[in-house]
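Notes for the one structure printed next.
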Amino acid sequence: MSGAVSAQALLRALGGAAVLVRFALPPGGEDGEELGLASPEFHEVELRPVLVRLLQGRTTVLADASVMESTLGTDDVKAVLLSASSVTVRGESFRIEAVERRAVFGRAYLYRLLLAEKEGAR
């Protein structure tokens with residue numbers, strides 16, 4: 001479990017950043033929504049503390065697994081994150097390209113989100 005404790009300490013010491021993960025809410029079943037007349041609604045979840053890194057032109061987010069699991073309310077963090085509409089980092093919108101899970105003895109201690117710019121951004 002020392003890997004998990006080390007990851008938590010590292011993210012708290014070097015991280016401190018926050019990102020917003022945006023999820024589309026399912027349609028309410030009203031006629032206007034089915035016809036595309038109503039705007040879709042979104043739910044945003046703030047993840048913190050995270051460490052945001054820009055390496056070789058790629059944006060990555062490192063997050064403590066226990067924080068991710070409790071904030072998202074699930075152990076299947078990867079599936080939930082891949083269903084997200086976007087991630088906002090420092091005011092810029094990205095899409096999640098991949099989610100990597102790091103584990104020790106089968107227990108997740110860290111998640112790494114690989115982000116890509118959304119089409120139409122900038």
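Just a few scattered comments:
- Within-12-Å neighbourhood charge of S83 [Cβ basis; K, R +1; D, E -1]: +2
- Under the combined filter of DSSP loop state and at most 11 neighbouring Cβ atoms within 10 Å, region 82-122 retains these chymotrypsin sites (Phe, Trp or Tyr not before Pro): F105.
- Cut-off 15 Å between beta-carbons: net charge of the residues surrounding L54, Lys and Arg +1, Asp and Glu -1: +1
- Among the GluC sites (Glu not before Pro) found in region 38-68, those both in a DSSP coil and sparsely packed, with 13 or fewer other Cβ atoms within 10 Å of their Cβ, are E41.
We did not get these values from a lab; they are worked out from the coordinates using the rules stated. This one's a predicted model, so the numbers in the text were calculated from it and none came from an experiment. Note: ideal-geometry Cβ built from the backbone for every residue, glycine included; neighbour counts use all protein chains shown.
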